[in-house]
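A.B. asks: Sharing a structure, written as structure tokens. Questions coming.
The values are calculated or read from the model by the stated rules, or taken from the named source; none is laboratory data. In this text, all values refer to a predicted model and were calculated from it rather than measured experimentally. Methodologically, a virtual Cβ is constructed for each residue, glycine included, from the backbone with ideal geometry; neighbour enumeration extends over all protein chains shown. Just the protein is used for accessible areas: all its heavy atoms, side chains included, with ligands, DNA and RNA removed. Shrake-Rupley method; radii C 1.70, N 1.55, O 1.52, S 1.80 Å.
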Amino acid sequence: MKYNRILLKLSGEALMGQQQYGIDAERLMQYASEIKSVAATGVQVAVVIGGGNIYRGVEAEAFGLDRVQGDYMGMLATVINSMALQSALEKLEVSTRLLSGLTIQRVCEPYIRRRAVRHLEKGRVVIFGAGIGSPYFTTDSAASLRAIEIEADVVLKGTRVDGIYTADPEKDPTATRFDQITFDEVLSKNLNVMDMTAFTLCKENNLPIIVFDMNTQGNLERLLNGEAMGTLVNDGGKRDGRKPALAPKQSLLQPLVGNQPEQA
């Protein structure tokens, strides 16, 4: 496999499938199956999923609600989706842990960086819910920040399109797809990859992003097997990412985690 540790960013809207609202069971199980396939190869998988299929915090003001309150409502929506994904993975006998940026002890563990890394080292799929636990930050920002904190090798942004285009391919039939593009080119061309906070975090920490079509069965595993797919955003280096993958079970944090309390 090309990477040892990945952060997979999924949109909440994608969970709707063909529905107008909520969670489509077929799409949910497809995602769970995709994640199981790559986790079975030894790749350490962390996941951040949005909540737009239930509620988006940025819509709060349109309803006359306080933006901060709306953002917290959006965080809870991501926890619902995270719980659904965890349940789907466990139905497929994949060991998972759900860590939340908000304290909700009955359903998830609080986010602690060392604990998250330890779970990944043990082969568990780690799902990060509730964003970063603060308003005004999107789940894209949460994905970038968590990826940096756990020292992921790449952020994989699974979408319904197969990469980054010069324009919206669903509206402009002449739009062309980039195979690879630099952070600076994305900014100069004003392309919509992530929100600016999330994108800047990746740029400043030289963390590559790959935007790809997650809705096609098998794409995630093919991508991690080295098949050219989607659009790579990086500093202009090689497609292999920002650094060599760590050897299995090797961790920079290993000497520090032995006395950390852990939830079974």
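A.B. asks: I'm trying to understand the selection: among the residues of segment 70-79, which are surrounded by 20 or more Cβ atoms within 10 Å (Cβ to Cβ) and of a type in the set (A, V, I, L, M)?
C.D. replies: Met75, Ala77, Val79
A.B. asks: Okay, next question. Taking the criterion of being closer than 19 Å to Ala84 by Cα, in contact with a strand residue (DSSP E or B) (Cβ under 8 Å, 6 or more places away or on another chain) and touching a residue at least 12 places away in the same chain (Cβ under 8 Å), would at least one residue in segment 158-176 satisfy it?
C.D. replies: yes
A.B. asks: Also, I was wondering about something else. For segment 183-211, name all the residues that are assigned to a strand (DSSP E or B) and at pLDDT below 95.
C.D. replies: Within segment 183-211, none qualify.
A.B. asks: Restricting to segment 138-157, name every residue that is at pLDDT 95 or above and outside any helix (DSSP H, G or I).
C.D. replies: Residues satisfying the conditions are Ile150, Glu151, Ala152, Asp153, Val154, Val155, Leu156, Lys157.
A.B. asks: If I ask for residues that are of a type in the set (A, V, I, L, M), part of a helix (DSSP H, G or I) and modelled with pLDDT of 95 or more, which ones from segment 29-63 would you list?
C.D. replies: Met29, Ala32, Ile35, Val38, Ala39
A.B. asks: Now for a different question. If Arg113 meets every condition in (1) touching a helix residue (DSSP H, G or I) at 6+ places or on another chain (Cβ under 8 Å); (2) crowded, with 17+ Cβ neighbours inside 10 Å; (3) over 23 Å from Met29 (Cβ atoms) apart from one, which number is that one?
C.D. replies: (2)
A.B. asks: Can you find a residue that is out of contact with any Pro (no Cβ under 9 Å at 6 or more places or on another chain), touching a residue at least 40 places away in the same chain (Cβ under 8 Å) and either of a type in the set (S, T, N, Q) or open to solvent by less than 10 Å² (accessible area, probe 1.4 Å) (or both) anywhere in segment 96-105?
C.D. replies: Within segment 96-105, not a single residue is out of contact with any Pro (no Cβ under 9 Å at 6 or more places or on another chain), touching a residue at least 40 places away in the same chain (Cβ under 8 Å) and either of a type in the set (S, T, N, Q) or open to solvent by less than 10 Å² (accessible area, probe 1.4 Å) (or both).
A.B. asks: Which residues, counting only those in segment 180-196, are touching a strand residue (DSSP E or B) at 6+ places or on another chain (Cβ under 9 Å) and either among the charged types (D, E, K, R) or open to solvent by less than 50 Å² (accessible area, probe 1.4 Å) (or both)?
C.D. replies: Selection gives Ile181, Thr182, Phe183, Glu185, Val186, Lys189, Leu191, Val193, Met194.
A.B. asks: Residue pairs, Cβ under 8 Å, 6 or more apart or interchain, first in segment 63-74 and within 19 Å of Gly129 (Cα to Cα), second of a type in the set (Asp, Glu). List them.
C.D. replies: Pairs that qualify, where the first residue is within 19 Å of Gly129 (Cα to Cα) and the partner is of a type in the set (Asp, Glu), are Gly70/Glu59; Gly70/Glu61.
A.B. asks: On the basis of being of a type in the set (Ser, Thr, Tyr) and free of Cβ contacts under 8 Å to residues at least 40 places away in the same chain, does Ser87 make the cut?
C.D. replies: yes
A.B. asks: Condition (residue is in a strand (DSSP E or B) and more than 13 Å from Val45 (Cβ to Cβ)) applied to segment 115-132: is it met by at least one residue?
C.D. replies: yes
A.B. asks: Applying the selection to segment 142-179, what residues are open to solvent by 70 Å² or more (accessible area, probe 1.4 Å) and closer than 19 Å to Leu201 by Cα?
C.D. replies: Those that are open to solvent by 70 Å² or more (accessible area, probe 1.4 Å) and closer than 19 Å to Leu201 by Cα: none in segment 142-179.
A.B. asks: Of the conditions (1) surrounded by fewer than 18 Cβ atoms within 10 Å (Cβ to Cβ); (2) under 15 Å from the mean Cα position of the chain (by Cα); (3) not acidic (Asp, Glu), Ala46 satisfies every one except a single condition; which number is it?
C.D. replies: (1)
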